[in-house]
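Just so it is clear, none of the values below were taken in a lab; they were calculated from the coordinates. Keep in mind the model is a prediction, meaning the values are calculated, not measured. Here Cβ is always computed from backbone atoms with ideal geometry, including for glycine, and neighbour counts include all displayed protein chains.
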Amino acid sequence: MVKVGDEAGFSKTLTEYDVYSFAGITGDFNEVHVNRAAAEKSRFGKQVCHGMLVASFISTVLGMYLPGPGTIYLEQNTKFLKPVYIGDTVTAQVRVTEIQNKVVSLETFVKNQDDEVVVSGLAKVLVENE
């Protein structure tokens, strides 16, 4: 049973393969992600991971750990605060803030290996088995 204050997370080190696979799946071949030479000339100085790739690990936590299998995403507010680079390790975390009927509200965020918040937001999910 999910309750207010529950927390869960998921960590992953992002690789060049992850970035190129995400580009292939989504069709987002922005050069800051997939062109090393162009990315080096960008404001980032090197290739950055797609923001939505990084944020997608929030979905991993929601669907696999908290609330877990059967969870249905209703909404997600997302702010991209810092770039994530190939080789960075990110940890997506969620914290239950409110439960109304079968709708669970959660604080969501992703931190990098330096414990810096790179993505923050709020989510609402439907939990059928509550």
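Structure notes:
- Part-to-part distance (alpha-carbon centres) for the range 97-112 and the range 27-68, which is given in Å: 22
- Kirkwood hydrodynamic radius (C-alpha pairs) into Stokes-Einstein, the range 1-76, 4 °C and 1.567 mPa s, D in µm²/s: 91
- Residue-count net charge about His50 - beta-carbon cut-off 11 Å; Lys, Arg +1, Asp, Glu -1: -2
- For the residue pairs Lys82/Lys102; Lys12/Lys124; Lys46/Lys111; Lys79/Lys102, the C-alpha atoms sit more than 31 angstrom apart in Lys82/Lys102.
- Student exercise, the chain dipole from Lys, Arg, Asp, Glu Cβ charges, in Debye to nearest 20: 220
- The chain: Rg to Rh, with Rh as the Kirkwood radius over Cα pairs: 1.03
- Relative contact order, percent, the range 7-126 [alpha-carbon distance under 8 Å, six or more residues apart]: 29
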